[in-house]
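K.L.:
One structure follows; several queries about it will come next.
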Amino acid sequence: MKLFRKKANNTSIERQLHFRLLLVLIAVLMITLLLTNTLSREFSHNYVLHRLENEAENLISALELKAPSLPDATITGTAKPTLELELDSISDLYQRAFSGHYYLIKTPDAIIRSRSLWDINLPRKLLSKRITSPINIIKGQLLLTYSTKVTLHNQTVRIWVAEDIHPLAHNIKRFNLSIISFLTLSFMALWWLQHRTLRNSFRFFEQLRQRVVSLHQGSGQETGFQPPKEIKPLSDEINRLVDQLGQRTERSRSALGNFAHELKRPLQQLRLQQRTLPQEEQEVMAQALDQIQYLLERELKRARIAGRCLPGQSFHPTEDITPLLQVMERIYPAISFKQQINIENSSLGIDRDDALELIGNLLDNAAKYASKHVYFTLIAETPDPESNRQKVAFHIEDDGSGVSQDLLDQLTLRGTKLDEASAGHGLGLSICKSICDSYQGELNFSQSKLGGLKVSARFTL
């Protein structure tokens, strides 16, 4: 059972957080810029409109009801008073042409225009609206207008005032550009700080991975790694599983070795009782006892080959092969074991116990049927072109009589179906095959140039 799929997607949580944070920052930046531009324009326009309202009040105050002069009354035959504007009561800005300040007063008897309007004719619809958006009536000027209607001395009077806000709009634009620059730099700095914060946070996962790698490579010492509380449960569970795996493997192998050792005495008693049986039954009993004896010796031999149980640690060829060959030389003193290791890495991504059991079984098989020599070779092959992962190969050869091509083909096809108790090079190969399969490796058989059998185990790490 596996906790995770072996082939995972390439989704990166860190990259997703960076992307989402960037989207949020861009959205906040755009909303802030939009609000800044809108509010600054509205505030400035409201300020100008308030001033225009005051100007309109001043113009209303400057209107006076005056009787017509005597010649005019004689000519028209009427003495009706009219509204006139006292110029001394208003600002001189209205007297300069195109000064940016304008007014127009429409009474029942006349239209009073500011001198600043010069000869410009205003659209009629402009005078009827109370407030208009900034418009371009005069070249180079952006006018904000205000219009109101009052009743003065029983006469309806409409007053229109306008002011050029082009300089103000220019200042608002400069202000908005400054705000945009400041906010852009601020958000870039904020994004960078968030990026650093996330990177430092995810660095704990990298430290956790390195801790697991160091454990896999054989370093069981505690490090100064102090995980944060968010991933501490994960770290604790990994430590617990590793400890539990080591304890289970140690108990299993110790129990198996102890069991094989304890069976020796009952086996000796059975051999003594064998002599009291008839001759035919002695032969049958002898075959059964020999088979049991072989199984016991094989399990004890596997325990000696594996040595101390170190589950979770990776295989170091230069450190682990030499002691293994020394054990094999003590078991088979008449056989010469030689090794050749052509690989740069000091450790391989294979469990040490699995590698020793695999190589030990293959060396044991080769030694049983070799004449004088057994060769072990470890080489690095061409990396996998798709994943660029390292490929290594173990080769075990002997100078024995070998296996015929017909049997070799059967051996290759049958693989794990071979009976471990049978004679020949198929002994223990099911164990080797299962180890190779657990690492998605290959176990191949061929004729050796030395005359015996060549067994090759290939792994993609």
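The values are calculated or read from the model by the stated rules, or taken from the named source; none is laboratory data. Remember, predicted model here, so these are calculated numbers, not experimental data. FYI the Cβ positions are ideal-geometry reconstructions off the backbone, even for glycines, and counts take in every protein chain you see.
K.L.:
Given (1) modelled with pLDDT under 85; (2) exposed (fewer than 11 other Cβ atoms within 10 Å of the Cβ); (3) closer than 30 Å to R115 by Cβ, identify the lone condition not met by N46.
P.N.:
It is condition (1) that N46 fails.
To keep it simple, each residue is scored yes or no on (1) at pLDDT 85 or above; (2) within 19 Å of L49 (Cβ to Cβ).
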{"position": "P81", "(1), (2)": "no, no"}
{"position": "K106", "(1), (2)": "yes, no"}
{"position": "W118", "(1), (2)": "no, no"}
{"position": "R130", "(1), (2)": "no, yes"}
{"position": "I135", "(1), (2)": "no, yes"}
{"position": "H153", "(1), (2)": "no, no"}
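K.L.:
Please enumerate the residues belonging to segment 100-115 that are without any contact (Cβ under 8 Å) to a residue 24 or more places away in the chain and assigned to a loop (DSSP other than H, G, I, E, B). Before the answer, list the steps.
P.N.:
Filtering segment 100-115 for residues without any contact (Cβ under 8 Å) to a residue 24 or more places away in the chain gives 111, 113-115.
Answer for segment 100-115, where residues must be without any contact (Cβ under 8 Å) to a residue 24 or more places away in the chain and assigned to a loop (DSSP other than H, G, I, E, B): just S114.
K.L.:
Does L35 satisfy being of a type in the set (A, V, I, L, M), within 25 Å of W192 (Cβ to Cβ) and at pLDDT 85 or above? If you could, list the steps in order and put the result at the bottom.
P.N.:
On the way: of a type in the set (A, V, I, L, M): yes; within 25 Å of W192 (Cβ to Cβ): yes; at pLDDT 85 or above: yes.
When the stated conditions are applied, L35 passes them.
K.L.:
Please find, within segment 162-204, the residue that is surrounded by the most Cβ atoms within 10 Å (Cβ to Cβ) out of those that are of a type in the set (A, V, I, L, M) and outside any helix (DSSP H, G or I).
P.N.:
Start the filter on segment 162-204 by keeping residues that are of a type in the set (A, V, I, L, M), which leaves 162, 165, 168-169, 172, 177, 179-180, 183, 185, 188-190, 193, 198.
Narrowing the set further to residues that are outside any helix (DSSP H, G or I) leaves 162, 165.
Details: A162: 29, I165: 21.
For segment 162-204, the residue satisfying everything is A162.
K.L.:
Go through segment 404-461 residue by residue and tally those that are in a loop (DSSP other than H, G, I, E, B), of a type in the set (S, T, N, Q) and at pLDDT below 80. I'd like the intermediate steps shown before the answer.
P.N.:
At the first step, the residues of segment 404-461 found to be in a loop (DSSP other than H, G, I, E, B) are 404, 418-428, 439-441, 448-452, 461.
Keeping just the survivors that are of a type in the set (S, T, N, Q) gives 404, 422, 440, 448.
After this cut, where a residue has to be at pLDDT below 80 as well, the list is 404, 422.
Count: 2.
K.L.:
Got a sec? Which of V48, V24 is within 30 Å of R174 (Cα to Cα), within 43 Å of the chain's Cα centre (by Cα), assigned by TED's automatic domain parsing to the domain that holds V157 and in a helix (DSSP H, G or I)?
P.N.:
Just a single option satisfies the conditions, and that option is V24.
K.L.:
Quick one: in segment 336-364, which of the residues that are surrounded by fewer than 23 Cβ atoms within 10 Å (Cβ to Cβ) and of a type in the set (S, T, N, Q) is farthest from F315 (Cα to Cα)?
P.N.:
Out of the qualifying residues, it is S336.
K.L.:
Go through (1) among the small types (G, A, S); (2) modelled with pLDDT of 85 or more; (3) over 26 Å from T38 (Cα atoms) and name the single condition S147 misses.
P.N.:
Status for S147: all satisfied but (3).
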